[in-house]
1. Hey, among the residues in region 35-52 that are modelled with pLDDT under 85 and outside any loop (DSSP other than H, G, I, E, B), which one's least open to solvent (accessible area, probe 1.4 Å)?
2. Surrounded by fewer than 18 Cβ atoms within 10 Å (Cβ to Cβ), among the polar types (S, T, N, Q) and either over 20 Å from the mean Cα position of the chain (by Cα) or assigned to a helix (DSSP H, G or I) (or both): is that true of Q181 in this structure?
3. Which number in (1) aliphatic (A, V, I, L, M); (2) open to solvent by less than 30 Å² (accessible area, probe 1.4 Å); (3) in contact with a helix residue (DSSP H, G or I) (Cβ under 8 Å, 6 or more places away or on another chain) marks the one condition that V265 misses?
4. Please work out which one of (1) in contact (Cβ under 8 Å) with a residue 24 or more places away in the chain; (2) charged (D, E, K, R); (3) surrounded by fewer than 18 Cβ atoms within 10 Å (Cβ to Cβ) is the condition D142 fails and give its number.
5. Across region 236-262, which residue is farthest from the chain's Cα centre (by Cα) among those that are more than 28 Å from Q181 (Cβ to Cβ) and open to solvent by 40 Å² or more (accessible area, probe 1.4 Å)?
6. Residues I155, I149: which one is surrounded by fewer than 20 Cβ atoms within 10 Å (Cβ to Cβ) and either under 22 Å from Y255 (Cβ atoms) or in contact with a strand residue (DSSP E or B) (Cβ under 6 Å, 6 or more places away or on another chain) (or both)?
7. Looking at region 192-206, which of its residues are open to solvent by 10 Å² or more (accessible area, probe 1.4 Å) and part of a helix (DSSP H, G or I)?
8. Does region 53-95 hold any residues that are over 18 Å from P224 (Cα atoms) and modelled with pLDDT of 70 or more, and which are they?
Amino acid sequence: IASDWSDKYDISYDEARELIINSGYKIYTTMIPEVQKSMEDVYANKKYIYKGTAAKKGIDNSGQSGMVVIDPQTGYVVGEVGGIGKDQNTLELNRGLTKRQGGSAFKPLVTIAPGLENKVITPATLFYDTKTSFGNYTVNNDSNSYHGIENMRNILTHSCNVPEVKLLSILGTAKSAEYLQKIGIQVNADQTGLSMALGTADVSPLQMAAGYAVFANGGYYINPTFYVKVEDKNGTVLLEAKREKTQVMSAENAYLEESMLEGPVKSGTASSFS
């Protein structure tokens with residue numbers, strides 16, 4: 001809201017933020033209370049906290065996580081949390097909006113979507129999954145196990161690193177960056193190179209959620225918003241959210257990718273969490 005207010009009334013972001021917080025305006029948010037409460041309950045419950053490698057080794061026990069839930073048809077953010085524990089102060093560091101390396105969850109946006117759109121792959125396209133070097137850059141699968149000849153559907157299901165990098169080497173990092181820009185994600189393709197395929201570029205949970213929403217929305221991207229409008233005490237509308245809808249994928253390719261993403265959840269890398 002503060003960014004939109006700053007743009008409309010030509011004041012700084014900090015001034016806009018203070019004005020919105022302290023002026024008694026009525027803000028119509030997009031949040032669905034039931035969704036927000038469910039998310040907050042999970043984040044406050046220690047049994048749901050997954051410890052990564054650093055935490056298991058006792059290196060870092062601070063705990064970091066963020067989650068954003070978007071309605072694909074409207075672009076409304078219906079739930080968002082930015083920290084672990086009962087006392088979540090999102091006015092400080094909000095990890096739902098903070099950029100970090102996307103990792104394997106970024107693969108469907110970096111390689112699969114632009115690969116489908118540029119007719120480089122179909123779900124049935126075959127790649128040879130084996131340890132491979134690209135000049136001085138050698139790619140391994142995280143498990144150090146390989147599947148041999150696999151189609152793209154199975155490659156996504158098992159999150160195979162090598163075929164993803166092979167796909168990006170054929171597609172080209174510029175084509176990938178071009179697609180990402182259409183869904184609101186800026187990357188420096190020259191800096192990240194082929195490692196982009198493995199999610200080394202920085203992205204926020206909000207950007208990821210909006211990018212994934214494309215697959216459930218027939219290929220249309222809608223810039224996400226947290227509010228509908230802002231009114232003063234007299235009911236005068238001071239600010240309204242502007243939602244732009246852009247087709248970034250064909251409906252056919254969006255359907256294909258949505259069906260491919262069922263693999264990780266049903267039998268692949270994410271199946272243990274479903």
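The values are calculated or read from the model by the stated rules, or taken from the named source; none is laboratory data. From a predicted model like this one, the values you see are computed outputs, not experimental measurements. Ideal geometry is used to build each Cβ from the backbone, glycine not excepted, and the neighbour counts take in all protein chains shown. Heavy atoms of the whole protein, side chains included, go into the accessibility calculation; ligands, DNA and RNA do not. Shrake-Rupley method; radii C 1.70, N 1.55, O 1.52, S 1.80 Å.
1. Among residues in region 35-52 that are modelled with pLDDT under 85 and outside any loop (DSSP other than H, G, I, E, B), the one least open to solvent (accessible area, probe 1.4 Å) is Y48.
2. Criteria met by Q181.
3. Of the numbered conditions (1) aliphatic (A, V, I, L, M); (2) open to solvent by less than 30 Å² (accessible area, probe 1.4 Å); (3) in contact with a helix residue (DSSP H, G or I) (Cβ under 8 Å, 6 or more places away or on another chain), the odd one out for V265 is (2).
4. (1)
5. So in region 236-262, the residues more than 28 Å from Q181 (Cβ to Cβ) come out as 236-238.
Subsequent filtering for residues that are open to solvent by 40 Å² or more (accessible area, probe 1.4 Å) retains 236-237.
On the way: T236: 35, V237: 31 Å.
Ranking the candidates gives T236 first.
6. Numbers: I155 fails: surrounded by fewer than 20 Cβ atoms within 10 Å (Cβ to Cβ).
When all the criteria are applied, what remains is I149.
7. Listed by number, the residues that qualify are T192, G193, L194, S195, L198, P205, L206.
8. Of everything in region 53-95, those that are over 18 Å from P224 (Cα atoms) and modelled with pLDDT of 70 or more turn out to be Q64, S65, G83, I84, L93.
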